[in-house]
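The values are calculated or read from the model by the stated rules, or taken from the named source; none is laboratory data. Fair warning: this is a prediction, and the values are worked out from it, not measured in the lab. Cβ: placed from backbone, ideal geometry, glycine included. Neighbour counts: every protein chain shown. To get the accessible areas, we keep the full protein, side chains included, count just its heavy atoms, and leave off ligands, DNA and RNA. Shrake-Rupley method; radii C 1.70, N 1.55, O 1.52, S 1.80 Å.
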Amino acid sequence: MINIKRVSQFLNFIIVLLIVIDMGGELGFRRLAFALLFISVLILIFCSKRKFFCISYLIPFVIFILYPTIHLYISFTKNFDIALSISQVSVFYFSFLYFILRVLNPEMDGMKNFNYAFIFMATFYLIMLLCFFINKGLYFSVTDYIHSKGAGFAGTRNDSSIQLANVYLKSSLFLIFTFCYYLKQSTFLAAYIFIGSFITTSKTLFIMQTALLAWNKKRNIYFLALVLVVFCLIMYFFYDSLLSYIDYILMTLMGKSETVSIRSQHFSDYFHLAGNDLYSLIFGFGPGSTFHSSVFGSNTSNIEIDHINIIRKFGILFFLLFTMLIAFIVLRLRKIKRYNVATGLLLSFVLAGTNPVLLSPVFFILLIECYMLVNIKSVRSNYIQKDNT
């Protein structure tokens, strides 16, 4: 006999994994994930007797449906690029669909599926890192395919005179959540994700993970000794590559990295634009809108700092509402003593803002899973009352 719960759990894992691998949709996996999600929700709606409406779900409805839809309509009236406008709000509709799925199926362990998907990503990164040193032909075959599809950065990263192996799928920064989740539960998995993150060459991810690792293990002499031994071995075998990586980090800390200068200039460009338009600062310029980038010398639709990107597109009012929801969930997580999850969500919010991936399916899946974690008791009790009437 088919175990419905196990099938539902596995199907949810596949949906999340496909989104994590192909967050931007360039590889074609995201469309399959959307189709599976839509089918799953339809099955639950028609086969379940449960009702999912609750007054506490009003805020998610406003954030995921009402506010973006109003902005999409305004973008149409301003004759912005229709395809671009729709692509920038479609993530909200996907997220609300995922929210319905989780509310209709609260018993499912979506948090575990989310973390398993990023363990899969870390495994892929470790294999690619080994291939770079052992089989460069295979390494460049895979990275050339990823790069040609636009699914992320892949190949080698050049910053001044530094060259590093680089594979960076668009959801890579969210490795910080899984790292935080396992930091106190499993040192092995935390270290596994930490090493796998090297190939992303993400300075913010590396610095944050290193700081958390040092803080949490500062009293563990045996662990620190093991780290020292592993570091010496890596230095011995990969001396040149490791020195290049250290130089790369130091350049960022001193503000000499190319990406740092681009982001700071975009930050300046936006505030020069918004300073002359108070209405658009409060309510946003709208999805599909563009602004002049002094870095590129042309119009662009994205700012590398996604916190500012959200304000530019949807306004500071929406950003405050969005931030308040995250802050509420973080505080509730700490109240129920899920400190690792609270830290992971907060750092995901901070790090995702350093790239244009904050308003993404992966972050919203994470946000919804955290929301369900702090509301799971009320959701289940609501269902019990419904079923008994």
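Here the Karplus curve 6.51 cos²θ - 1.76 cosθ + 1.60, taken at θ = phi - 60°, turns the phi angles of the range 278-283 into couplings of 5, 4, 5, 5, 6, 10 Hz, with x standing for Gly and Pro.
For the range 65-218, the solvent-accessible area with a 1.4 angstrom probe is 42 square angstrom per residue.
For SER186 and SER87, the FRET efficiency from 1/(1 + (r/R0)^6), where r spans their Cβ atoms and R0 equals 45 Å, is about 0.75. Applying 1/(1 + (r/R0)^6) with R0 = 41 Å to the Cβ-Cβ distance of TYR116 and PHE46 gives a FRET efficiency near 0.90. Each peptide among 305-316, 335-346, 132-143 gets the average number of other Cβ atoms lying within 10 Å of its residues, and from highest to lowest they stand as 305-316, 335-346, 132-143.
For the range 1-43, the share of accessible area belonging to carbon and sulfur comes to 74 percent (1.4 Å probe, ligands and nucleic acids excluded). Annotation: peptides 172-178, 184-190, 92-98, ranked by per-residue average of other Cβ atoms within 10 Å with the highest first, follow the order 172-178, 92-98, 184-190.
Go through LYS170/LYS203; LYS149/LYS170; LYS112/LYS149; LYS5/LYS184; LYS78/LYS170; LYS112/LYS136 and tell me which ones have a Cα-Cα distance over 23 Å in this structure.
LYS112/LYS149; LYS5/LYS184; LYS78/LYS170; LYS112/LYS136
Accessible surface area normalised per residue over the range 297-372 is 34 Å², counting heavy atoms of protein chains with a 1.4 Å rolling probe.
Note on the range 49-198: with neighbouring protein chains present and a 1.4 Å probe, carbon and sulfur make up 68 percent of its accessible heavy-atom surface.
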